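Chemist: Sharing a structure, written as structure tokens. Questions coming.
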Amino acid sequence: MGLSLTKAAQWTTASSGTGKLEFTPMNESLLKEILCFVEQFSSQHPQEAEHVFEEPLQWRTTLVASDFKTDDSAVQSHEKDSEGLPLLQFSPPAVYVRSFSQLSKLVHLADDKKLEEVRTCLEGKKVSLNPTAVKNEVELLKQLCSEGEKRALKSLRYTSDFEFSNGCRTPLWRQPHGEICYLVIEPCDTETLYITYSTAGVFLNEGIKQEGEESGYERTSDVYTDLVTLLKSRSPHFNTGTSVPVELESSTDSEEEEEQPARHPEGNTDLPPEYWQIQKLVKYLKASDQKATVLTLYAMMDLNLMQETCQLAIRDLGGLEILLNLLDTKEVRCKIGSLKILRKISHNMQISRTIVDMRGLQRMVTTLDSPNKDLKALSAETIANVARFHRARKIVRNLDGIKKLVKLLDCGTPNLAQVSANQEKDVEVARCGVLALWSCSKSCKNKEAIRKAGGIPLLGRLLKSPHANMLIPVVGTLQECSSEESYRVTIQTEGMIKDLVKNLRSDNDELQMHCASAIFKCAEEKETRDLVRKYKGLQQLVSLLGKADNKQLLAAATGAIWKCSISTDNVAEYKHNALQTLVGLLTDQPEEVLVNVAGALGEFAQIPANKPTIGKCGGIKPLVNLLIGTNQALLVNVTKALGACATDKDNMTIIQQLDGVRLVWSLLKKPSPDVQSSAAWALCPCIENAKDAGEMVRSLVGGLELILNLLKSTNNEVLASICAAIAKIARDEENLAVLTDHGVIPLLTKLTDTTDDRLRHHLAEAIYYCCMWGNNRESFGEAQAVAPLVRFLKSKDTAVHLSTAKALYQLSWVPNNVITMYERGVVKVSCSVVVAAFLSPH
């Protein structure tokens, strides 16, 4: 049937199956034949009709809700598959069908529109919107929301910041309708658009502006295949004056799940000789006996199976299905021959996806239980190649494949440095098992499954191996899993840090890279940082910086140095050349390296002696130059480093000369709370140590208004950092007057109900300095700031006590404030006692 559509069907475009079916007698005949086949399938093959498709058949149906004899806009069948998904789901205008039985029923409902429905099904493109694809498209479009005339959109935001585990941002009761998220988009040339993203496509709604609204969900426009198409239809500016990112123009499909196989020309002139050899061998496989099958498999192995032409030829000529079917036989030689071929051709991602579609993973996981060690090793290695995308990894887990793979790691060899001939196969089985676990470990659920199956101690045992081909997948799996805290703690307690440090001295760059990456992630824990120092790993990490041409290794090494330098004891261990080398890496490097280098310099600068060294090595200028970037993690680390360096007078002079303070201040406009808070913290030492700081702050047009506006943030870290900055700014009388005129007192007062001690400390400090102008003390009292401040004294944080006492001391100059303090249980003591108790150095 598929061949008929490809060869005989007449389409309106040159690319078969991508256009519309022409209204010709040939097409009419084909449609009737297909319709007859579908209608009769359930009665002629009732058992097969109940078989659930691997992927649902999806198209934009001509049916409406009334055809299903219901008033509901969405319809789904009572019958469901093993995962609880309905076998038929109607979510206008899309329909999803998962079995021939349901397809027959749907065609029956179409009544006099049966042929039209079949035509639509064949013509229709697959509805492929999913949360991952949606998120990718939205993130790319956000790049077009910039400042200036060249921007394509003014703003784009989700109505809800909360994301469910399935990736949706819509209420639970809307998700059965296929709705993924709602957007509010402000174009440059037309009114605000309220948009629904659903599995069926993208369309305008009645105006959902924020999370929790109970109305506004109805569709008010046509359904578009993607957001770019909708925007082009609604905004002439977006359509004509915008350079849309290539990623958006090409496809919004999830790269991981929706990658489509490449099409190859039908002509025979360009096919290489290997193609015809494979065609003959596949024919032999189809018709030969057991012995001939084995010989044919070995003949196929002699071909260059790493060549894409050969790989795709095996698939296209039906050889892949035969190879997978051989795994169901009892003949071990046939299974081994098949797996040796599958192991090679599965390096091709298209082949891997086809293997999954043909239920090949199920057969491979079953083979892991075989007593034959060669079969187990080959199956595990092939699984390692196939499990490179989410759906494959999930299938392995659901089939208990993780437990079976972990079981392979127990090779029963206490000394991996001295392996007997009999033990070599056991070690090879373990190596292949680790390769498969490495691929599977990219899924969070699989990481947990590996841990529960007892994989960590077994990986630790294999970490003693002297062979790089074993160590690379072992360390690769460990570093992949180290993103989970439970793994980091276990790696440290199981004594693996010593082995990771030892392998940093390997001659193998890939092994060094994975070891450094594992240390990078594990060094989040203080105990791990101490162990790296104990086992002399710090200087070894610095020595890896000499391999600057290997960017992956460089990123891993700089990351490990950064995290290890969080402990000041480690910073003291690094030699002077480490700092110079790091500064030299601030230019002409990938962002991943720059993030880590800036992070490391920020930690190095916590030691006073290192601050002038960074300046003398020329580190300030490249740090300031990085402030104009867009990478949030980089901006956070750069501002932290500059803030730490700014306490050195010479460094601060350079920062001012390079206009660095203005650049840091401008980061307060960024939408990221992390960037905002990091920039505000960096401004504090800059203001404190700048020459003529008051005038410098006043020269920043709109700077004080920007600071005050951030007092409306809902992020406590942003609020604390802004309060700290206000405490520095308010030391200048003119700036304090401007802050007062712009309403700093009510804004600070609104924050006094906080229970966050870090915010309390800096808020009280800001109030203390803001009291020193005009009638501000009285204004704080009138704004009801005194009583909440008294409650700050109940905190267990001594820093909060100190700053609060200072603020209350200033406020106590106003009699009404003293009365409030007394009513709240504060006994006013003499100024000298307050000064002695709280303002003396601690």
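Please treat every number below as a calculation from the coordinates, not as lab data. Just so it is clear, the structure is predicted and the values come from calculations on it, not from any experiment. Note that we place each Cβ from the backbone using ideal geometry, even for glycine, and neighbour counts take in every protein chain shown.
Chemist: Take 66, 779, 370 and order them by how many other Cβ atoms sit within 10 Å, fewest up front.
Modeler: The order, fewest Cβ neighbours first, is 66, 370, 779.
Chemist: Need the full-extension length gain, residue 757 to residue 549, defined as separation in residues times 0.36 nm minus the C-alpha distance. One decimal, nm.
Modeler: 70.3 nm
Chemist: Rank by packing, highest mean first: peptides 375-383, 790-798, with packing defined as the count of other Cβ atoms within 10 Å averaged across residues.
Modeler: 375-383, 790-798
Chemist: Give me the net charge for the shell around residue 770: Cβ to Cβ below 15 angstrom, other residues only, Lys and Arg +1, Asp and Glu -1.
Modeler: Cβ neighbours under 15 Å give a net charge of -2.
Chemist: In addition: With a point put 7 Å past each Cα toward its Cβ, work out how far residue 591 is from residue 157 in nm, to one decimal.
Modeler: 2.3
Chemist: Mind giving me the FRET efficiency for residue 292 and residue 373? R0 is 30 Å, r the Cβ-Cβ distance, nearest 0.05 is fine.
Modeler: Step by step, r from the Cβ atoms, then E = 0.70.
Chemist: Can you pull out the GluC sites (Glu not before Pro) in the range 30-87 whose DSSP state is coil and whose Cβ has at most 13 other Cβ atoms within 10 Å?
Modeler: Here the sparse-neighbourhood loop sites are 54, 83.
Chemist: Ok, one more. How would 427, 386 line up from fewest to most surrounding beta-carbon atoms within 10 angstrom?
Modeler: Exposure proxy ranking, most exposed first: 427, 386.
Chemist: Largest first and in whole Å, what are the equivalent-ellipsoid semi-axes of the range 469-539 based on the Cα gyration tensor, each being the root of 5 times an eigenvalue?
Modeler: Value: 17, 14, 9 Å, ordered largest first.
Chemist: Once the convex hull of the alpha carbons of the range 323-419 is built, what does its volume come to per residue, in cubic angstrom?
Modeler: Output value, Cα hull per residue: 105 Å³.
Chemist: For the chain, what does the helix formula give at 222 nm: sum of -39500 (n - 2.57) over DSSP H segments with n ≥ 4, over the residue count, nearest 500 deg cm²/dmol?
Modeler: After summing the helix terms and dividing by the residues of the chain, the value is -17000 deg cm²/dmol.
Chemist: Send over the Kirkwood Rh of the range 720-842, from the inverse of the averaged 1/r over different Cα pairs, rounded to one decimal Å.
Modeler: 14.2
Chemist: Please express the shape of the chain as an equivalent ellipsoid: the semi-axes are the square roots of 5 times the eigenvalues of the C-alpha gyration tensor, given largest first in whole angstrom.
Modeler: Each semi-axis is the square root of five times an eigenvalue, giving 59, 39, 24 Å.
Chemist: How far is helix 131-142 tilted off the main Cα axis of the chain, in degrees rounded to 10, range 0 to 90?
Modeler: 50
Chemist: Assigning unit charges at the beta carbon (Lys, Arg +1; Asp, Glu -1) and nothing else, what dipole magnitude in debye, to the nearest 20, does the chain show about its Cα centre?
Modeler: Using Cβ point charges on Lys, Arg, Asp and Glu, the chain gives about 2580 debye.
Chemist: Hey, what does the equivalent ellipsoid look like for the range 422-509, semi-axes from the Cα gyration tensor as sqrt of 5 times each eigenvalue, largest first, whole Å?
Modeler: They are 19, 16, 12 Å, listed from largest to smallest.
Chemist: Give me the extension gain from residue 741 to residue 448: residue separation times 0.36 nm, minus the current Cα-Cα distance, reported in nm with one decimal.
Modeler: 99.9 nm
Chemist: Report the Stokes-Einstein translational diffusion coefficient (µm² s⁻¹, integer) for the range 670-752, Rh taken as the Kirkwood radius over Cα pairs, at 10 °C with viscosity 1.306 mPa s.
Modeler: 124
Chemist: With 10 angstrom as the radius, rank 691, 335 by how many other C-beta atoms surround their C-beta, starting from the fewest.
Modeler: Ascending number of Cβ neighbours within 10 Å: 691, 335.
Chemist: How many times 2.2 N^0.38 Å is the alpha carbon radius of gyration of the range 476-604?
Modeler: 0.94
Chemist: Just the ratio, please: alpha-carbon radius of gyration of the range 272-358 over 2.2 N^0.38 Å, N its number of residues.
Modeler: After normalising by residue count via 2.2 N^0.38 Å, the value is 0.97.
Chemist: For residue 616, which lysines qualify as cross-link partners when the Cα separation must be under 22 Å and same-chain residues fewer than eight apart are set aside?
Modeler: 575, 640, 649, 691
Chemist: Could the peptides 303-310, 357-364, 669-676, 434-441 be put in order, highest first, of the mean number of other beta-carbon atoms found within 10 Å of their residues?
Modeler: 434-441, 357-364, 669-676, 303-310
Chemist: Moving to a separate point now. Toward the positive end of the charge dipole of the chain, about the Cα centre and with charges on Cβ (Lys, Arg +1; Asp, Glu -1), which of 224, 556, 466 goes farthest?
Modeler: 466
Chemist: Mind listing the phi-derived Karplus ³J(HN,Hα) values for the range 385-394, rounded to whole Hz, using 6.51, -1.76 and 1.60 with θ = phi - 60°, and x for any glycine or proline?
Modeler: Going residue by residue, I get 6, 6, 7, 9, 9, 4, 4, 5, 4, 5 Hz, with x marking Gly and Pro.
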